[in-house]
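Novice: Have a look at this one.
The values are calculated or read from the model by the stated rules, or taken from the named source; none is laboratory data. Remember, it's a predicted structure, so these values are computed and weren't measured experimentally. Note: ideal-geometry Cβ built from the backbone for every residue, glycine included; neighbour counts use all protein chains shown. Accessible surface is based on the protein model in full, side chains and every heavy atom, while ligands, DNA and RNA are left aside. Shrake-Rupley method; radii C 1.70, N 1.55, O 1.52, S 1.80 Å.
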Amino acid sequence: MPAHPAHAPYDALLLLSFGGPEGPDDVVPFLENVTRGRGIPRERLKEVGRHYFLFGGVSPINAQNRELLDALRKDFAEHGLGLPVHWGNRNWAPYLTDTLREMVTEGRRRILVLATSAYASYSGCRQYRENLADALAALEAEGLPLPQVDKLRVYFNHPGFVRPMVDRTLAALAELPEEVRAGAHLAFTTHSIPTSAADTSGPASGHGEGGAYVAQHLDVARQIAGEVARETGTEHPWRLVYQSRSGAPHTPWLEPDICDHLEELHGAGAPAAVMVPIGFVSDHMEVKYDLDTEATAKAAELGLPVSRAGTVGADPRFVEAVRELVLERAATEQGRSVERCALGALGPSHDLCPVGCCPGRTPRPAAAGADSPYQPLQGAR
């Protein structure tokens, strides 16, 4: 019998997410949190938040995180993993700082973090690490003991993320009319980001056109398209496209936009399309509005049959993947060798973000990386 639990040295897992409004009165304050420091007028935020009001002012993301939280707790308990799971958000309650304070007060001193973003980028990884550093600085100012915080590696190519997306793509294909199904194109979608942020995503050694962000998405798209071809006997043309752009018009962002791509497909005579949101962990607002509302309306306008694949959400295979990632990182910290599951050509990502990984425009402290000022990283790899 082992002297220590399998999850040692960790004593808690933190589910870290973006957050979203829970009612109409929350929408503008939430957007103020998201855009803090940019000087955007309140009236403009009301306009920006119109898609939230279409859904009663409620973002689906919090309910989806609660579902994932419950699934993780149940799975851990069923597999004898005595690791409590907490939840904190970047932009809405439960706020990250409040959750970390609660965890420290309970005596948690070595915390693993699961971010609800599967890929390398500033907004999908580094910014969460900066949020963790801000929260640790706040606890330090309060005189509380600081925990060591480590972030799980990005999991875009873990089987527990990829295989549910294969099944969801197959299900979406089956929703199309039979006469257009075989000729349907696959549009793999993800959040557009500035091209400058894409080019500097991932470790500095891989910076260049598209960086790790584009390379990782392309790797996942190839895997899914290949598995779909094997399952159906039909090779569907596919492309990586983007959605949810929110930046200034003069700033270059990744393209093409999903709506422009649908127009292009229609113009080229494609009989149908399946939108596959590989860039998102759950069916939150960017999926429900930008794909299910805007892109679907564009397709209807064009007369192009479309369907939309679901995201992984709380799929049991994804939940199992999180448990495997926790045990993998714990084994690494214990100095034991462990299989690091990854599909595709890129292999498993690093555990510890190196200096220069996914930099922001303005240098800021970031936890859980080689440049972290907040905890000793002995044993981290």
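Novice: Do you know which of the residues in segment 12-54 that are at pLDDT below 95, assigned to a loop (DSSP other than H, G, I, E, B) and within 22 Å of the chain's Cα centre (by Cα) is surrounded by the most Cβ atoms within 10 Å (Cβ to Cβ)?
Specialist: Gly49
Novice: A further question follows. For residues in segment 105-135 being among the acidic types (Asp, Glu) and not in a loop (DSSP other than H, G, I, E, B), which is nearest to the chain's Cα centre (by Cα)? Lay out the reasoning, then the answer.
Specialist: In the first step, residues of segment 105-135 are kept if they are among the acidic types (Asp, Glu); the result is 106, 130, 134.
Filter again for not in a loop (DSSP other than H, G, I, E, B), leaving 130, 134.
Working: Glu130: 16, Asp134: 20 Å.
Residue satisfying both the conditions and the ranking: Glu130.
Novice: Would you pick out the residues in segment 236-269 that are assigned to a helix (DSSP H, G or I) and in contact (Cβ under 8 Å) with a residue 40 or more places away in the chain? Walk me through it before giving the result.
Specialist: Restricting attention to segment 236-269, the residues satisfying the condition of being assigned to a helix (DSSP H, G or I) are 258-267.
Of everything in segment 236-269, those that are assigned to a helix (DSSP H, G or I) and in contact (Cβ under 8 Å) with a residue 40 or more places away in the chain turn out to be Ile258, His261, Leu262, Leu265.
Novice: Specify the residue that is farthest from the chain's Cα centre (by Cα); the eligible residues are those in segment 209-246 that are open to solvent by 30 Å² or more (accessible area, probe 1.4 Å) and small (Gly, Ala, Ser).
Specialist: Looking at the filtered set, the residue picked out is Gly233.
Novice: Looking for something open to solvent by less than 60 Å² (accessible area, probe 1.4 Å), under 30 Å from Asp257 (Cα atoms) and of a type outside the set (A, V, I, L, M, F, W, C) - is there at least one such residue anywhere in segment 327-340?
Specialist: There is no residue in segment 327-340 that is open to solvent by less than 60 Å² (accessible area, probe 1.4 Å), under 30 Å from Asp257 (Cα atoms) and of a type outside the set (A, V, I, L, M, F, W, C).
Novice: Is one or more of the residues making up segment 336-357 more than 20 Å from the chain's Cα centre (by Cα), of a type in the set (Val, Ile, Thr) and over 25 Å from Asp11 (Cβ atoms)?
Specialist: Checked against the condition, which is being more than 20 Å from the chain's Cα centre (by Cα), of a type in the set (Val, Ile, Thr) and over 25 Å from Asp11 (Cβ atoms), segment 336-357 yields at least one hit.
Novice: Return the residues of segment 341-370 that are among the hydrophobic types (A, V, I, L, M, F, W, C) and either open to solvent by less than 60 Å² (accessible area, probe 1.4 Å) or assigned to a strand (DSSP E or B) (or both); say none if nothing qualifies. Can you show your working first?
Specialist: Quick first cut of segment 341-370, residues among the hydrophobic types (A, V, I, L, M, F, W, C) only: 341-343, 345-346, 352-353, 355, 357-358, 366-368, 370.
Answer for segment 341-370, where residues must be among the hydrophobic types (A, V, I, L, M, F, W, C) and either open to solvent by less than 60 Å² (accessible area, probe 1.4 Å) or assigned to a strand (DSSP E or B) (or both): Cys341, Ala342, Leu343, Leu352, Cys353, Cys357, Cys358, Ala366, Ala367, Ala368, Ala370.
Novice: With (1) open to solvent by 10 Å² or more (accessible area, probe 1.4 Å); (2) in contact with a helix residue (DSSP H, G or I) (Cβ under 9 Å, 6 or more places away or on another chain) as the list, and Glu102 as the residue in question, which single condition is left unmet?
Specialist: Tallying (1) open to solvent by 10 Å² or more (accessible area, probe 1.4 Å); (2) in contact with a helix residue (DSSP H, G or I) (Cβ under 9 Å, 6 or more places away or on another chain), Glu102 fails exactly one: (2).
Novice: Please determine, by comparing only the residues of segment 55-80 that are touching a Pro at 6+ places or on another chain (Cβ under 8 Å) and assigned to a loop (DSSP other than H, G, I, E, B), which one is nearest to Arg361 (Cα to Cα).
Specialist: Looking at residues that are touching a Pro at 6+ places or on another chain (Cβ under 8 Å) and assigned to a loop (DSSP other than H, G, I, E, B), I get Ser59.
Novice: I need the full set of residues from segment 157-201 which are assigned to a strand (DSSP E or B) and within 22 Å of the chain's Cα centre (by Cα), in order please.
Specialist: As a first pass, look at segment 157-201 and keep what is assigned to a strand (DSSP E or B): 185-191, 194.
Matches in segment 157-201: Leu186, Ala187, Phe188, Thr189, Thr190, His191, Pro194.
Novice: Listed residues Ala229, Ala215; which is under 24 Å from Ala345 (Cβ atoms), assigned to a helix (DSSP H, G or I), hydrophobic (A, V, I, L, M, F, W, C) and without any contact (Cβ under 8 Å) to a residue 24 or more places away in the chain? Spell out the reasoning first.
Specialist: On the way: Ala215 fails: without any contact (Cβ under 8 Å) to a residue 24 or more places away in the chain.
Result of the check over Ala229, Ala215: Ala229.
Novice: Of the numbered conditions (1) touching a Ser or Thr at 6+ places or on another chain (Cβ under 8 Å); (2) of a type in the set (D, E, K, R); (3) under 26 Å from Ala268 (Cα atoms), Arg153 satisfies every one except a single condition; which is it?
Specialist: The failed condition is (3).
Novice: Also: Scan segment 89-98 and tell me whether some residue there is buried (at least 16 other Cβ atoms within 10 Å of the Cβ), basic (Lys, Arg) and not in a helix (DSSP H, G or I).
Specialist: At the first step, the residues of segment 89-98 found to be buried (at least 16 other Cβ atoms within 10 Å of the Cβ) are 89-92, 94-97.
Then keep just the ones that are basic (Lys, Arg); that gives 90.
Still in the list and also not in a helix (DSSP H, G or I): 90.
Yes, that holds for at least one residue.
Novice: Go through (1) at pLDDT below 95; (2) crowded, with 21+ Cβ neighbours inside 10 Å; (3) among the charged types (D, E, K, R) and name the single condition Arg308 misses.
Specialist: Exception for Arg308: condition (1).
Novice: Answer yes or no as to whether Glu175 is open to solvent by less than 10 Å² (accessible area, probe 1.4 Å) and not small (Gly, Ala, Ser). Quick ask: steps written out before the conclusion?
Specialist: Values: open to solvent by less than 10 Å² (accessible area, probe 1.4 Å): no; not small (Gly, Ala, Ser): yes.
No.
Novice: Filter segment 1-51 for residues that are among the aromatic types (Phe, Trp, Tyr) and in contact with a strand residue (DSSP E or B) (Cβ under 7 Å, 6 or more places away or on another chain) and give the result.
Specialist: First, the residues of segment 1-51 that are among the aromatic types (Phe, Trp, Tyr): 10, 18, 30.
Hits for segment 1-51 are Tyr10, Phe18.
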